[in-house]
Amino acid sequence: MFSNLPPVTKALLIGNGLVFVLQWALGDAALAQFMLWPPGSGNDLLGIGFMPWQLLTYGFMHGGFAHLLFNMLALVMFGAPLEHVWGERRYLTYYLVCVVGAALCQIAVGVWTLSEGGQAYPTVGASGGIFGLLLAYGMLFPNQRVMLLIPPIPMKARTLVIVYGAVELLLGITNTMPGVAHFAHLGGMLFGWLLIRYWRGQPPFGRKGPPRMRVVR
């Protein structure tokens, strides 16, 4: 199965796995500068704060084996079909845009939390990119039947996207499961949706209506 995966999906699997091994071998503290830190929330003792490269590097780190496992399963399930349809370059561009978009949304939430007197923490995980892939899969293959792992319920891909998006929004607004970056997940979906709309020339990009006809006399 691994040998039949398209190249970018395979490379992302290997990259995430290698970084997780580094986390395990060196400890999270040694790699803290690669986590996503909202501006103003860094660890002054270690001299760690927000740096531009964190917009990408955080997406290759994970908080535990289960976190890594579920993200990589979703990467194979939703990412591989998209790479076959889009090709390597467009697929990689889409994935990285979703990772960066998720980071920007999480930074905005972190800055707002700090302004309200709360405490923001660093973020890790490929989930922003994965949720972007989920959205794209639902848009390209809306009627494809997929199976939830927990609970094992079959449904259409379009329904799965709507359910996951609604649940993440509810959990984020109610601050349920505060250790999970719900708005980063939503940010990955938002930026993925915007990029697909841009590629298709749909609003808010491109024409808002049918092209005008020019009469030749």
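The set of residues from the stretch 154-183 being hydrophobic (A, V, I, L, M, F, W, C), touching a strand residue (DSSP E or B) at 6+ places or on another chain (Cβ under 7 Å) and outside any helix (DSSP H, G or I) comprises M155, A181.
Are any of the residues in the stretch 41-54 under 17 Å from the mean Cα position of the chain (by Cα) and buried (at least 19 other Cβ atoms within 10 Å of the Cβ)? Yes, there is a match, as at least one residue in the stretch 41-54 is under 17 Å from the mean Cα position of the chain (by Cα) and buried (at least 19 other Cβ atoms within 10 Å of the Cβ). The C-beta contact set for the stretch 1-28 (first residue at pLDDT 95 or above, second residue outside any loop (DSSP other than H, G, I, E, B) and among the hydroxyl-bearing types (S, T, Y), distance under 6 angstrom, 6+ apart or interchain) comprises V8/Y91. Within the stretch 24-47, the presence of a residue that is in a helix (DSSP H, G or I) and hydroxyl-bearing (S, T, Y) is excluded. I'd like to check something: does the stretch 6-24 contain any residue that is among the charged types (D, E, K, R) and closer than 18 Å to P122 by Cα? No, the stretch 6-24 contains no residue that is among the charged types (D, E, K, R) and closer than 18 Å to P122 by Cα.
Take R145 and tell me if it is modelled with pLDDT of 85 or more, surrounded by fewer than 13 Cβ atoms within 10 Å (Cβ to Cβ) and in contact with a Pro (Cβ under 6 Å, 6 or more places away or on another chain). In short, yes. Every listed requirement among (1) buried (at least 16 other Cβ atoms within 10 Å of the Cβ); (2) more than 21 Å from Q54 (Cα to Cα); (3) modelled with pLDDT under 90 is met by I196 save one, (3). When the stretch 160-176 is limited to residues that are touching a residue at least 12 places away in the same chain (Cβ under 8 Å) and surrounded by 16 or more Cβ atoms within 10 Å (Cβ to Cβ), the one that is farthest from F70 (Cα to Cα) turns out to be G172.
The values are calculated or read from the model by the stated rules, or taken from the named source; none is laboratory data. Small disclaimer: the values here were computed from a predicted structure and weren't measured. Reconstructed Cβ throughout: ideal geometry from the backbone, glycine too, with neighbour counts over all protein chains shown.
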